[in-house]
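The values are calculated or read from the model by the stated rules, or taken from the named source; none is laboratory data. Model, not experiment: these values are computed from the prediction. Here the Cβ positions follow ideal geometry from the backbone for every residue, glycine too, while neighbour counts run over all protein chains shown.
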């Protein structure tokens, strides 16, 4: 059974990071439901990604390990999200 997950990824702010993360999801045929990227610290050149996906629990553990191994990623975690709850960006 597929569940909704929210991925929270902190990484170096370098060109190609989003491309590599999206490429990993594409190779596994995982659709991105929501995506939000924000530069967190201009001096340290860090970014923060929030990605919502649907995935089975046993594949989620494997996916987060693969994302965490990417060179630019400094931290990756995930949380199970209720199917009713939607990510809303505050302005």
Among (1) modelled with pLDDT under 90; (2) out of contact with any strand residue (DSSP E or B) (no Cβ under 7 Å at 6 or more places or on another chain); (3) surrounded by 12 or more Cβ atoms within 10 Å (Cβ to Cβ); (4) closer than 16 Å to residue 5 by Cα, residue 70 falls short only on (4)
Is it fair to say residue 50 is at pLDDT 90 or above and in a strand (DSSP E or B)? yes
Name the pairs: first residue in the stretch 17-42 and farther than 16 Å from residue 55 by Cα, second residue loosely packed, with under 14 Cβ neighbours inside 10 Å, Cβ to Cβ under 6 Å, at least 6 apart or on different chains? 36/89
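In contact (Cβ under 8 Å) with a residue 12 or more places away in the chain, part of a strand (DSSP E or B), within 11 Å of the chain's Cα centre (by Cα) and surrounded by fewer than 17 Cβ atoms within 10 Å (Cβ to Cβ), is that true of residue 8?
On the way: in contact (Cβ under 8 Å) with a residue 12 or more places away in the chain: yes; part of a strand (DSSP E or B): yes; within 11 Å of the chain's Cα centre (by Cα): yes; surrounded by fewer than 17 Cβ atoms within 10 Å (Cβ to Cβ): yes.
Criteria met by residue 8.
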Subset of the stretch 21-40 that is under 24 Å from residue 58 (Cα atoms) and touching a helix residue (DSSP H, G or I) at 6+ places or on another chain (Cβ under 9 Å) - its residue that is surrounded by the fewest Cβ atoms within 10 Å (Cβ to Cβ): 31
